[in-house]
1. Quick one: pull the percent of accessible area on the chain belonging to carbon and sulfur, 1.4 Å probe, ligands and nucleic acids left out.
2. Select from the stretch 1-107 those trypsin sites (Lys or Arg not before Pro) which occupy a DSSP coil region and have at most 14 other Cβ atoms within 10 Å, ordered by residue number.
3. Rounded to the nearest 500 deg cm²/dmol, what is the calculated helix-only ellipticity per residue at 222 nm for the chain, with -39500 (n - 2.57) per DSSP H run of length n ≥ 4?
4. Charges only on Cβ, +1 for Lys and Arg, -1 for Asp and Glu: so what's the dipole of the stretch 72-122 about the Cα centre, in debye to the nearest 20?
5. Counting other C-beta atoms within 10 Å, and keeping those with at most 16, which DSSP coil GluC sites (Glu not before Pro) do you find in the stretch 6-105?
6. Using the structure shown, list the pairs from Lys94/Lys118; Lys20/Lys94; Lys20/Lys118 with a Cα-Cα distance above 18 Å, or answer none.
7. Once the Cα atoms of helix 133-146 and of the chain are each reduced to a long axis, what angle between those two axes, in degrees from 0 to 90 to the nearest 10, is obtained?
8. Along each of its three principal axes, how wide is the spread of alpha-carbon positions in the stretch 49-153, in whole angstrom units, largest first?
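The values are calculated or read from the model by the stated rules, or taken from the named source; none is laboratory data. These figures come from a predicted structure and were not determined experimentally. Here the Cβ is made from the backbone with ideal geometry for all residues, glycine too, and neighbour counts use every protein chain on show. Note: areas computed on protein heavy atoms with side chains; ligands, DNA, RNA excluded. Shrake-Rupley method; radii C 1.70, N 1.55, O 1.52, S 1.80 Å.
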Amino acid sequence: MNQIALAADHGGYELKEAVKQLLDERAIPYHDFGTNSDESCDYPDYAEPAARSVSEGNSERGIFCCGSAAGMAIVANKFPGVRAVACHDEWAAKMSRLHNDANVLALGGRMVSLDEAKRIVIIWLETEFEGGRHARRLGKITDMEDAPQPTSQ
Ligand code: RB5
């Protein structure tokens, strides 16, 4: 596994630190885009550079943590080529890889325990994309990203 981009706000800070420990144990490289404390901050400030890193291919995948996972997923999905999924259990994480080739895992520090989050991360890291009909569907999403955007008059 190449580099993983990590990002968190205050609601996901503790979770991000636990994910770092897990990645260290598995010798998986990462770049930590912050935040670096549990002081209140704005999740877009940390999601943006981390999502850009995935979008531009400098990170193979990302794990973004906030309170609910929602804000991180919303920001991440603004970036071309990023497929972020908020996962609150192992089944969702597994499906996000098998069917959606999710390259960003969004986790909610107020939704899951640290132990459950670690199980989610492990299954998400270890599950490969199934391809086939799912690749055709992802191709349709890429086509949308590539299509000219309508302009407002
Ligand atoms: C911060 O209070 C919280 O809104 C944030 O962590 C996240 O849940 C947003 O989606």
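1. About 48 percent, which is the carbon plus sulfur part of the accessible surface.
2. Details: sites: Lys16, Lys20, Arg26, Arg52, Arg61, Lys78, Arg83, Lys94, Arg97; in loops: Arg26, Lys78, Arg83.
Here the trypsin sites (Lys or Arg not before Pro) that fit, given the DSSP loop and packing criteria, are Arg26, Lys78.
3. About -14000 deg cm²/dmol.
4. Charge dipole of the stretch 72-122: 140 debye, to the nearest 20.
5. Details: sites: Glu14, Glu17, Glu25, Glu39, Glu56, Glu60, Glu90; in loops: Glu39, Glu56, Glu60.
Sites meeting the loop and neighbour criteria: Glu39, Glu56, Glu60.
6. Working: Lys94/Lys118 13 Å; Lys20/Lys94 20 Å; Lys20/Lys118 10 Å.
Pairs exceeding the cut-off: Lys20/Lys94.
7. With rounding to tens, the tilt is 80 degrees.
8. The Cα atoms of the stretch 49-153 stretch 48, 33, 24 Å along their principal axes.
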